1. Below 8 Å between Cα atoms, with a sequence gap of 6+, how large is the relative contact order for segment 169-220 in percent?
2. Looking only at segment 34-59, which residues have a backbone nitrogen under 20 Å from a spot 7 Å from the Cα of Asn88 in the C-beta direction?
3. To the nearest 0.05, what FRET efficiency results for Glu207 and Asp66 with a Förster distance of 45 Å applied to their C-beta separation?
4. If you place +1 on the Cβ of every Lys and Arg and -1 on the Cβ of every Asp and Glu, how big does the dipole about the Cα centre of segment 3-112 come out, in debye to the nearest 20?
5. To the nearest Å, what is the center-to-center distance of segment 13-57 and segment 200-220, using C-alpha atoms only?
6. Multiplying the sequence separation of Ser49 and Leu197 by 0.36 nm and subtracting their Cα-Cα distance, what value in nm do you get?
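Rule-based calculations on the coordinates, nothing more; no lab input. Bear in mind the structure is a predicted one, so any value in this text is a computation, not a measurement. So basically every Cβ, Gly included, is an ideal-geometry build from the backbone, and we count neighbours across all protein chains shown.
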Amino acid sequence: MTDLGRMVRRLVEVLEGRTPGGVHRPVSIGELRRELVPYRANRNLLGLSSSEDYDLLVLRLLAEEDGYVRAYPPDAANQARAAITHPNPDLSLVDSLAEATVQIGAAALTRVRGDEPAPQRAVAEATEQADGTAAAVDETPVADQASPANTPPSSAPAPPSAPMTPPPAVCRSCQASLPTHREVVFCPFCGERVKPLRCAHCGTELEAGWRHCITCGREQ
């Protein structure tokens with residue numbers, strides 16, 4: 001892992017240790033340097049030999065190098081990019097850009113958490129018994145499971161369910177990256193609802209203000 005990757009991983013650790021879901025919030029450059037990943041407390045962990053190396057690393061982060069973060073305002077990222085390409089970067093720029101913010105993206109979280117189990121493996125582990133044995137599987141033949149004798153009576157067939165829309169990765173209102181490790185109904189940053197409303201009868205996605213489902217006609 002690069003020195004920039006180590007800084008992002010350390011930032012993730014600190015944010016997650018402070019507040020659940022806090023890793024998704026924007027962080028100012030000033031807060032990063034003063035409180036979250038200060039030079040003196042992290043220089044050995046980051047493999048740095050001087051404060052100048054640290055300030056250059058912060059500028060590289062703000063310049064969105066390697067795509068770990070998204071910087072705001074965009075002009076701050078442009079200034080940082082111009083500085084780090086200079087033979088003698090103006091490191092005082094990190095002070096003048098202290099109010100600029102960086103926000104870790106979902107893809108970056110996946111990269112710095114490379115030692116976590118893959119989703120398929122996590123699902124398999126969740127189905128194991130506490131003693132380490134695999135959970136029992138229903139071995140009833142498929143034909144028997146689907147036979148009319150095993151099917152509960154129904155007065156009328158329900159209309160086909162609409163395809164499920166995958167949850168958004170970014171809030172449509174404030175463009176903040178949304179948590180990926182849990183179900184998100186409302187954006188934790190602006191409060192906007194991000195999970196679509198669905199008909200309780202057939203599952204069709206509804207829009208705010210609709211009183212009836214456009215697929216089955218049920219009143220909502």
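1. 21
2. 50-57, 59
3. The value I calculate is 0.70.
4. 380
5. 47
6. So the chain would gain 48.0 nm between Ser49 and Leu197.
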